[in-house]
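Here is the structure we will look at, set down as structure tokens.
The values are calculated or read from the model by the stated rules, or taken from the named source; none is laboratory data. This structure is a prediction, so every number in the text was calculated from the model and none was measured. Virtual Cβ from ideal backbone geometry, glycine too; neighbours counted across all protein chains shown.
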Amino acid sequence: MKTPLVAGNWKMHRTHLEALMLVQQLSYELDDFDFDAVEVVLCPAFTSLRTVQTLIDSDRLHFKLGAQDVHWEDEGAYTGEVSPRMLAALDVDYVIVGHSERRQHFGESDDIVRRKLDAVLGAGLVPIVCVGESEAERDGGQTEGKVGGQVKAAFDGLHADPAKVVVAYEPIWAIGTGRTATPDDAQETIAFIRSVIADVSGDDAARAVRIQYGGSVKPGNAAALMGRPDVDGLLVGGASLDAADFAAIVKASKP
Ligand code: PEP
């Protein structure tokens, strides 16, 4: 039985001062029983990482810290970028790579996502690799082709232990739209993702890899999604900016 993994992706929201308040509000909403049952990750903007990390340390909070993106080199002439080494020094635990918004707005290809994935694993951090199909791809019956290709690109020939990778299945049509995949849709595609990992990396890795669902997760649908056998966690965007909603999602994710 895996511990459910619930991560909040704050995207480009909250200054570092606002982030501080949000973490404090969340810490009032959640108790030790919640943290014993669910691994909770907060992914603020780069500008808030240090602030959130300091608060987690000083108040001995049980949140894990995540970044929303990373560059694949440890250092160099890459203006505006942040390296895995810099994140590791900030006690970051998780790094989201290949979020659909980065693939869509910043042209991140499977190849770039893979470089980031390798770099994150190389720095001893845990990547959360996002995969998912667009509405047109789903309507065109291409969900498995698209998602399967993204998963293969992430796992094929991986030097590190594949079991360390977290996958987030995020159908693009469900992100920020209020339209959630049904628990059956999520289960079906996540089981398919696991079968692709089994083909590429073997059955043990496929069983061990944690696979999250993401896309308009709310307090009202979290338990049903988490109730499906292959859903190991949730990646939450909009609802993670509201302390009461995010806390309710964490509580609904308890086994
Ligand atoms: C996301 O961006 O990862 C996400 C799942 O967003 P939302 O929950 O707002 O759909």
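Annotations
- Restricting attention to segment 86-113 and to residues that are surrounded by 18 or more Cβ atoms within 10 Å (Cβ to Cβ), part of a helix (DSSP H, G or I) and not small (Gly, Ala, Ser), the residue that is farthest from the ligand (Cβ to nearest atom) turns out to be Met86.
- Some residue of segment 72-84 being within 16 Å of the ligand (Cβ to nearest atom), in contact (Cβ under 8 Å) with a residue 24 or more places away in the chain and not in a loop (DSSP other than H, G, I, E, B): no
- Between Arg50, Arg103, the distinction of being at pLDDT 95 or above and either aliphatic (A, V, I, L, M) or closer than 26 Å to Ile172 by Cβ (or both) belongs to Arg103 only.
- Boolean, Glu170 is charged (D, E, K, R) and crowded, with 18+ Cβ neighbours inside 10 Å: yes
- Filter pass, Tyr28 being part of a loop (DSSP other than H, G, I, E, B), away from the ligand (no atom under 16 Å from the Cβ) and among the hydroxyl-bearing types (Ser, Thr, Tyr): no
- Restricting attention to segment 127-148, the residues being small (Gly, Ala, Ser), within 16 Å of the ligand (Cβ to nearest atom) and without any contact (Cβ under 8 Å) to a residue 60 or more places away in the chain number 1.
- Unmet requirement for Ser195, which otherwise passes all of (1) assigned to a helix (DSSP H, G or I); (2) in contact with a Phe, Trp or Tyr (Cβ under 9 Å, 6 or more places away or on another chain); (3) under 18 Å from Arg228 (Cβ atoms): (2)
- Qualifying residue in segment 51-65 (condition: closer than 23 Å to Gly176 by Cα and away from the ligand (no atom under 16 Å from the Cβ)): yes
- Residues of segment 191-221 that turn out to be under 24 Å from Thr177 (Cα atoms) and of a type in the set (Ser, Thr, Tyr), as a count: 2
- The lone exception for Arg14 - which of (1) among the charged types (D, E, K, R); (2) surrounded by 14 or more Cβ atoms within 10 Å (Cβ to Cβ); (3) more than 16 Å from the ligand (Cβ to nearest atom); (4) more than 18 Å from the chain's Cα centre (by Cα) it fails: (3)
- Residue within segment 227-237 that is among the charged types (D, E, K, R) and farther than 21 Å from Glu133 by Cα present: no
- Test for Gln68: is it modelled with pLDDT of 95 or more, of a type outside the set (Val, Ile, Thr), within 16 Å of the ligand (Cβ to nearest atom) and surrounded by 16 or more Cβ atoms within 10 Å (Cβ to Cβ): yes
- In this entry, Arg207 passes the filter for residues that are without any contact (Cβ under 8 Å) to a residue 40 or more places away in the chain and either surrounded by fewer than 23 Cβ atoms within 10 Å (Cβ to Cβ) or not in a loop (DSSP other than H, G, I, E, B) (or both).
- Test result for Val52, in contact with a Pro (Cβ under 7 Å, 6 or more places away or on another chain) and either part of a helix (DSSP H, G or I) or under 22 Å from Asp242 (Cβ atoms) (or both): yes
- Checking each residue in segment 214-255 for being polar (S, T, N, Q), over 18 Å from His99 (Cα atoms) and within 11 Å of the ligand (Cβ to nearest atom) picks out only Asn221.
- Only residues that are in contact with a Pro (Cβ under 9 Å, 6 or more places away or on another chain) and outside any strand (DSSP E or B) were counted in segment 158-172, giving 2.
- Candidates Ala186, Ala181, Ala222, filtered to the one that is surrounded by 17 or more Cβ atoms within 10 Å (Cβ to Cβ) and not in a helix (DSSP H, G or I): Ala181
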